[in-house]
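Heads up: the structure comes next, in structure tokens.
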Amino acid sequence: FAAVAMQMISKAVPAAFRCLMFLAIVSVSSGWAADDPQGFEETSILQAPGINDSVVSDSSRQILREVAAHRRAAEYDTAITKLRTAFVQVRQETEGQEHPLVVEILDEAVDVFIQAGRYEQAEGPLDNVITLREQQVAASEDRADRAYQQACLAGANLKLGWVLSRLGDPNAALPPFSKAVAGFETIFGFSHQVVRRARQLEVSALWDAAR
């Protein structure tokens, strides 16, 4: 049982780390430190599940490598254009939304919109990401895969709460923040640093809503 639990956590940590580090990097007000930028790079879409599947073309992988470079250079319009191309191309290659890389591309687009401060544009794709993540959690039979998808789902809810907060609606941000905290607690327990950092955002939204 302990070995299975460790496998679940080790697979879920990169997903949680990616979301939390991303918000740490784009946030000035949260007070978080970007503890490990290299770690953030290592958990980017270039490490996403399904990216090395044989059905995914070298052309699609090259586009996603270019997206990562454009994000580092703050070339957000170009990054979004290439993500749209990659989304269409991967859906054609994999014949639908069931392939895990499709939702990873949508999630990457959300990150680019947030990084660019385009919170209104992030909200719609985030709703789609949350729906697809919920479907993948329900469909996952392997415990480690399910833990990864649960962490991704919690991360998506955390980003939705962040977006709604930045749009000036802390009351609307509270439910997704609460879902994010509960999701991370299910995987990591009550006192893990991932949970503590997610809870900081929830408390901040509570404070803003009470003003």
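The values are calculated or read from the model by the stated rules, or taken from the named source; none is laboratory data. Quick caveat: nothing in here was measured; it's all calculated off a predicted structure. Side chains are part of the model used for accessible areas, which takes the heavy atoms of the whole protein and leaves out ligands, DNA and RNA. Shrake-Rupley method; radii C 1.70, N 1.55, O 1.52, S 1.80 Å.
The figures follow:
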{"item": "Accessible area (Å², 1.4 Å probe, nearest 10) - Tyr148", "result": "30"}
{"item": "HN-Hα J in Hz across the stretch 182-194 - Karplus 6.51, -1.76, 1.60, θ = phi - 60°, x for Gly and Pro", "result": "4, x, 5, 4, 4, 8, 9, x, 6, 9, 5, 4, 4"}
{"item": "Cα-based Rg of the stretch 104-209 normalised by 2.2 N^0.38 Å, two decimals", "result": "1.03"}
{"item": "Phi-based couplings in Hz for the stretch 65-77 (Karplus 6.51, -1.76, 1.60; Gly and Pro marked x)", "result": "5, 5, 4, 4, 5, 5, 5, 4, 8, 6, 9, 6, 4"}
